[in-house]
Amino acid sequence: MTQQDIIKTHKIISMLLNNKQLKDSFNALDLFLHSLQNWSFSEKKIELENNYKLMLQYAVDGVQDPERHLIYNKLITSIYTLSDEVKEALLFRDSVSYEYSQMRYYAAAHPPRLQLVFSELADVQVNMSLSEAVDNEDSAAKYKEFRKRYETIQAALFNKIWLTAYFTDDELNLLKEAMTNEKVTEIDKCLLVSALTLNIMRNFDEKKILLLFDFYGQENEQIKQRSLVGIMLSMYLYNSRLHFYPSLRNRLVLLADDDDFRKNIQFIIIQFIRSKETESITRKMREEIFPEIMKISPHLKQKVDFEDVNNIDDFEEKNPEWNEMIEKSGVADKLKEISELQVEGADVLMSTFASLKHFPFFSVISNWFLPFDTENTTVQNVVQAKEKTFLGLLLKSWYMCNSDKYSFCLSLSHVSENQRKIMTSTFRLESEQMEEIAQDENLLSGTAKKEKISNQYLQDLYRFYKLYNYRIHFTDIFSLPLDFQNTWFYKIIGFEDNNLREIAEYHFSKGYYKEALDIYLHLIENERDNAELYQKAGYCRQFLGDIEQALENYLFADTIINDNKWTIKRIALCYRALKRYEKALEYYRRASSLEPKNIALQLNIGHCFLEMKNYKDALNIYFKIEVISPENEIKAWRAIAWCSFLSGKFEQAQRYCTKLLGKRPSHSDLLNAAHVEWSLGNRHEALEFYKQSIKMNNDNLPEFLAGFEKDIPALLNAGIKEDEIPIMTDRLKYMI
């Protein structure tokens with residue numbers, strides 16, 4: 001079987017089990033087992049199926065068994081487990097993906113037992129401490145050697161946990177004990193959690209997920225937040241089968257009353273939603289902000305004396321002309337927008353550091369999940385001791401994730417010593433501000449600190465799934481819908497509607513209307529008298545193109561709160577979009593009675609008359625706007641010109657076209673003026689206006705012809721002969 005066949009068959013079995021079609025799932029398992037040819041798995045399958053047949057027989061015979069439901073669910077989980085094991089065995093044998101290739105390579109290398117890895121980790125830490133206690137060159141060299149060995153064992157621990165298909169009970173206990181072992185550092189524990197999460201992403205394992213629940217019980221917030229992210233991803237990926245595992249339900253129920261747990265989950269869900277913005281932010285930085293800055297750079301080079309750049313005192317002085325250049329370029333507003341997003345917690349640095357993940361450091365998979373550590377040899381080799389003050393501030397900042405901090409340090413290794421001093425000195429110029437930020441972050445409340453930690457970790461994960469060399473071999477969790485609110489575990493926790501409302505509002509504010517609509521529709525079930533929910537559901541549907549349903553929602557909102565101006569205008573807009581102009585006119589008039597000075601509403605009333613071919617009333621409206629609202633006279637002239645043309649008042653249309661052409665006409669104004677001249681028999685003038693219209697629209701002839709074709713019925717109605725139309729267009733094509 002190919003990798004795709006294996007995964008597809010496994011999904012089919014999982015779907016059948018979720019639908020409780022056990023007989024069909026056994027049939028599908030036979031396909032798996034036939035390909036694997038493993039007698040042990042075949043024996044398990046036969047035993048499970050025989051047990052199921054007996055249970056069916058007892059049920060049909062009317063034998064009462066109060067434990068039948070529990071036995072039935074246990075049988076389903078056993079089939080799930082067998083299916084998982086067969087899938088893993090087949091992929092281990094046949095898959096060409098990076099993960100399974102690494103698993104085969106790792107198994108062939110006869111890796112050490114987990115106990116031995118922890119022992120080696122403890123031994124090398126003792127040697128590091130002893131070397132550090134003695135202040136001489138020989139001890140410093142030994143410390144560096146032990147430190148490199150320590151980092152190698154760190155990576156080995158990560159690989160051991162990540163690449164082990166199934167842990168023994170002793171290994172599970174060992175991992176659990178490691179979390180409370182003071183000799184295991186916080187960084188090692190964080191790596192352990194990330195490796196375990198990556199392992200679960202590959203294959204479901206109830207015991208491993210329960211282990212994440214145990215890790216969440218730790219006091220250390222770095223470990224807690226990483227564990228919670230792992231729990232949530234596990235619950236999301238395997239949502240369809242979780243209700244068959246009472247142990248997982250029990251752990252969730254125990255935590256459901258913990259406000260801290262619930263708040264954490266709520267915030268992480270919003271952070272996952274926020275991750276959808278990263279790509280658009282990166283695009284804005286790459287396509288808008290960076291190019292504008294590059295345009296400014298030549299001017300800045302003329303203003304800066306680079307010959308004396310090594311003079312730090314001179315370097316500190318900032319030229320006020322620079323700010324003026326940036327303001328004029330429009331970059332300042334975009335940078336302000338990005339800065340505001342960063343304060344919200346958005347990932348604005350992805351574009352900056354995406355190109356700095358090519359260092360060998362990032363070829364080691366565990367380093368993508370490594371908390372930033374100033375003692376890491378990657379940092380020590382680049383940053384001198386006297387520069388550690390700056391790095392200390394960098395480490396304390398939550399605005400840069402761990403992965404990007406390593407990227408920054410690695411980038412320093414590719415510049416000269418003098419340039420490095422200038423760079424670090426430049427940052428030191430802002431040290432007072434950075435110290436203030438660091439002090440503010442030290443004063444963060446418990447909740448705010450947890451949010452910063454989880455946000456930082458999610459950014460590390462985002463970089464792994466988007467930038468790692470072998471990322472295509474992993475399921476990109478950030479490409480999934482991540483609609484946690486629709487999952488089984490979210491319902492088990494029993495979030496209240498106000499929690500769902502918060503998620504919906506965040507989706508809504510970011511323009512994720514489909515996701516927001518799903519939640520609003522759920523909330524409406526419990527709040528059928530809430531007009532705002534109907535308004536927002538209608539708005540979502542409107543943007544999703546479902547105008548009929550949007551209209552229905554708006555109309556219902558109107559019955560709850562009468563005379564809401566916003567709702568009435570939306571109803572009118574929907575009716576107009578559906579070409580039900582009489583109804584649109586009714587609601588525009590109703591809105592106008594509430595806002596009699598609203599010229600936009602008057603224009604829309606005129607447009608409805610126009611669409612209904614009631615040119616007389618339409619012109620009356622437009623003439624009225626021309627008189628009472630000079631600031632809108634161009635809009636009125638445009639409407640009068642077109643309406644006059646449609647109603648056969650060509651001289652009047654010509655007068656208003658002339659007024660428009662005396663201002664700043666659009667290419668559409670020139671097109672309409674050409675139609676009017678043609679209708680008056682002025683073919684040469686018409687041809688000239690058509691040419692000008694095309695030129696003004698960037699010489700886009702296809703777009704011009706598309707607009708022209710839409711106006712053919714109006715031209716015919718104006719008396720233009722049908723056989724003249726292709727002659728005019730061909731003449732234009734030759735001239736263009």
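The values are calculated or read from the model by the stated rules, or taken from the named source; none is laboratory data. If you're wondering where the values come from, they're calculated on a predicted model, not measured in any experiment. Quick reminder, even Gly has a Cβ in these numbers, built from the backbone with ideal geometry, and neighbours come from all protein chains shown.
Going through 209, 223, 200 one at a time, which residue ends up being hydrophobic (A, V, I, L, M, F, W, C), farther than 15 Å from residue 251 by Cβ and touching a residue at least 12 places away in the same chain (Cβ under 8 Å)? Spell out the reasoning first.
On the way: 209 fails: farther than 15 Å from residue 251 by Cβ; 200 fails: farther than 15 Å from residue 251 by Cβ.
Checking each option against the conditions leaves just 223.
All of (1) at pLDDT below 95; (2) closer than 21 Å to residue 202 by Cα hold for residue 12 with one exception: (1).
Would you mind finding the one in 529, 558 that is loosely packed, with under 15 Cβ neighbours inside 10 Å and either in contact with a strand residue (DSSP E or B) (Cβ under 7 Å, 6 or more places away or on another chain) or farther than 20 Å from residue 274 by Cα (or both)? Reasoning before the result, please.
On the way: 558 fails: loosely packed, with under 15 Cβ neighbours inside 10 Å.
Selected residue: 529, the only one of 529, 558 that is loosely packed, with under 15 Cβ neighbours inside 10 Å and either in contact with a strand residue (DSSP E or B) (Cβ under 7 Å, 6 or more places away or on another chain) or farther than 20 Å from residue 274 by Cα (or both).
Taking the options 70, 114, 56, name whichever one is surrounded by 13 or more Cβ atoms within 10 Å (Cβ to Cβ) and not small (Gly, Ala, Ser). On inspection, the qualifying residue turns out to be 114. Taking the stretch 638-736 and the helices (runs of 4 or more DSSP H) fully enclosed by it, the elements with 2 or more residues that are farther than 24 Å from residue 610 by Cα are at 683-696, 701-710, 724-735.
Each row is one residue, and each column tells you yes or no for (1) small (Gly, Ala, Ser); (2) loosely packed, with under 14 Cβ neighbours inside 10 Å; (3) modelled with pLDDT under 85.
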residue: 234; (1), (2), (3): yes, no, no
residue: 243; (1), (2), (3): no, no, no
residue: 253; (1), (2), (3): no, yes, no
residue: 291; (1), (2), (3): no, yes, yes
residue: 312; (1), (2), (3): no, yes, yes
residue: 319; (1), (2), (3): no, yes, yes
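Out of 659, 565, which single residue is charged (D, E, K, R) and in contact with a Leu (Cβ under 6 Å, 6 or more places away or on another chain)?
Values: 659 fails: in contact with a Leu (Cβ under 6 Å, 6 or more places away or on another chain).
None of the others qualify; the one that does is 565.
Table: residues versus (1) aliphatic (A, V, I, L, M); (2) surrounded by fewer than 18 Cβ atoms within 10 Å (Cβ to Cβ); (3) touching a Lys or Arg at 6+ places or on another chain (Cβ under 6 Å); (4) farther than 30 Å from residue 604 by Cα.
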| site | (1), (2), (3), (4) |
| --- | --- |
| 640 | yes, no, no, no |
| 670 | yes, no, no, no |
| 674 | yes, no, no, no |
| 689 | no, no, no, no |
| 699 | no, yes, no, yes |
| 714 | yes, yes, no, no |
| 723 | no, yes, no, yes |
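Considering 166, 106, the condition of being among the aromatic types (Phe, Trp, Tyr), under 30 Å from residue 46 (Cα atoms) and out of contact with any strand residue (DSSP E or B) (no Cβ under 7 Å at 6 or more places or on another chain) is satisfied by 166 alone.
Suppose we filter the stretch 13-29 for residues that are assigned to a helix (DSSP H, G or I) and within 35 Å of the chain's Cα centre (by Cα); how many remain? Explain how you work it out, then say what you get.
Filtering the stretch 13-29 for residues assigned to a helix (DSSP H, G or I) gives 13-18, 22-29.
Subsequent filtering for residues that are within 35 Å of the chain's Cα centre (by Cα) retains 13-18.
Total meeting the criteria: 6.
Collect the residues in the stretch 180-224 that are among the β-branched types (Val, Ile, Thr) and touching a Leu at 6+ places or on another chain (Cβ under 9 Å), keeping them in residue-number order. Spell out how you get there, then give the answer.
Quick first cut of the stretch 180-224, residues among the β-branched types (Val, Ile, Thr) only: 180, 184-185, 187, 193, 197, 200, 209, 223.
Selection gives 184, 185, 187, 193, 197, 200, 209, 223.
When the stretch 120-158 is filtered for residues that are surrounded by fewer than 15 Cβ atoms within 10 Å (Cβ to Cβ), within 41 Å of the chain's Cα centre (by Cα) and either part of a loop (DSSP other than H, G, I, E, B) or not basic (Lys, Arg) (or both), the ones remaining, listed by number, are 122, 152.
Could you tell me whether any residue of the stretch 605-618 is assigned by TED's automatic domain parsing to the domain that holds residue 733 and outside any helix (DSSP H, G or I)? Before the answer, list the steps.
Of all residues in the stretch 605-618, those assigned by TED's automatic domain parsing to the domain that holds residue 733 come to none.
For the stretch 605-618, residues assigned by TED's automatic domain parsing to the domain that holds residue 733 and outside any helix (DSSP H, G or I): absent.
Restricting attention to the stretch 160-174, the residues being part of a loop (DSSP other than H, G, I, E, B) and more than 31 Å from the chain's Cα centre (by Cα) number 3. Look through 184, 193 and report the one residue that is buried (at least 22 other Cβ atoms within 10 Å of the Cβ) and over 20 Å from residue 489 (Cα atoms). From the options 184, 193, the qualifying one is 193. Remark: pairs (first residue in the stretch 363-388, in a loop (DSSP other than H, G, I, E, B); second residue modelled with pLDDT of 90 or more and surrounded by fewer than 15 Cβ atoms within 10 Å (Cβ to Cβ); Cβ separation under 9 Å; 6+ apart in sequence or on different chains) = 371/186. Being of a type in the set (Lys, Arg) and surrounded by fewer than 16 Cβ atoms within 10 Å (Cβ to Cβ) holds for only one residue in 616, 649, 583, and it is 616. You will find that of 452, 514, the residue that is under 25 Å from residue 352 (Cβ atoms) and either of a type outside the set (Asp, Glu) or in contact with an Asp or Glu (Cβ under 8 Å, 6 or more places away or on another chain) (or both) is 452 and no other. Put simply, of 58, 72, 52, 106 the only residue that is of a type in the set (Phe, Trp, Tyr) and either under 21 Å from residue 202 (Cα atoms) or part of a loop (DSSP other than H, G, I, E, B) (or both) is 106.
Matching residues to (1) at pLDDT below 90; (2) in contact with a Phe, Trp or Tyr (Cβ under 9 Å, 6 or more places away or on another chain); (3) surrounded by fewer than 16 Cβ atoms within 10 Å (Cβ to Cβ):
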| site | (1), (2), (3) |
| --- | --- |
| 470 | no, yes, yes |
| 479 | no, yes, yes |
| 493 | yes, yes, no |
| 511 | yes, yes, yes |
| 523 | no, no, no |
